[in-house]
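Okay, so here's the structure we're looking at.
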Amino acid sequence: MNRFLWLIRREVWEHRAIWVAPAVVLGCVILLILTGHVHIKPFSADEMKDVVLSPDQKVTVLMYAYSALSLIVFLVMGVIAFFYAIDALYADRRDRSVLFWKSLPLSDAETVLSKFAVAILVIPLVALAATVATQLLIATGESLKFVIAGEPAAFLWEPKALLGGMGVAALWCVTAMIWYAPFVGYLMLASAWAPRSPFLWAVLPPVALWILEAVVMRSTYVGDFIKDRLFVLPYILRMQGDPFGRQTGEAADKIDRLTSIDLYGVLGHFFKTPDLWLGVVAAALLLAAAMWVRRYRDETS
């Protein structure tokens, strides 16, 4: 276990983007706060001028605002995870360091699993930590703005809203870890196999199948599958009958519909779907294939 943890540390040390990217996001948030461009408002002032919200609705809307911050941070870290996974095993062959690592008493399974753990565990956990820090920064910045304007700022620190937003971020973190496991496994298999340009080896086959199916069979099953695996949130909403829907109508009606949605229930129900757990099985098979390819791959190619 200690050896496995050291392998993970090595990956984090060598790939500085894992911790530099969230630092940049936090820096941008601080800059936006200082310039006054951060506003926790779901609708414009004109829409809300005649709307009276109940205390519970105010708390729920604020929780949604905090929860939305997690999507921004996870999107940034998702891009980092994509490029990390696609280069994880290819980079060792590119710089010939694979010869050194294979000379050590390390199995291919340990090496592949440590890189997989960084992509599917470490990076999401870093994103979660950055999300919590972002939420606290936003709450602090907005509080200062309210104090300067002579308005009560304690509402922004309402435990149900702030902790609720953090809870949604944590649940979203776990969801992303499980849902994207086969996606990361596929990227690592492409990284282990590709003689060069692993990005093209990973992207071109599914895109070619997508186009071929659309042209020859006039169907979109492959394309829909790819979109669902890449963009899980629309997939979750569609499975739940799109509880957010198209929020049309008066602001009061939109607020009523939004505040009646149980975010925990929507995400929690998703854990009961077979697609999620079939993806875990697929991830295990893809990782086993990546281990086999790394073991027998020509290190000089």
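The table below lists the values:
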{"item": "Over 31 Å between alpha carbons, listed pairs Lys58/Lys227; Lys115/Lys272; Lys227/Lys272", "result": "Lys58/Lys227"}
{"item": "Computed label-point distance, nm, for sites Val203 and Asp228 using a 7 Å Cα→Cβ extension", "result": "2.4 nm"}
{"item": "Pair Leu278, Val216: separation of 7 Å Cα→Cβ label points (nm)", "result": "2.2 nm"}
{"item": "Label-to-label distance, nm, for residues given as Phe146 and Leu5 (7 Å Cα→Cβ offset)", "result": "4.1 nm"}
{"item": "Burial ranking of peptide ranges 219-227, 54-62 (average Cβ count within 10 Å, highest at the top)", "result": "54-62, 219-227"}
{"item": "Pairwise centroid distance, computed over Cα atoms, of the range 57-72 with the range 169-240, Å", "result": "28 Å"}
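Read-outs throughout are calculated quantities, based only on the coordinates presented, and are distinct from any laboratory measurement. Given the structure is predicted, the values throughout are model-derived calculations rather than measurements. Every residue, glycine as well, gets a Cβ built from its backbone with ideal geometry; the counts of neighbours run over all protein chains shown.
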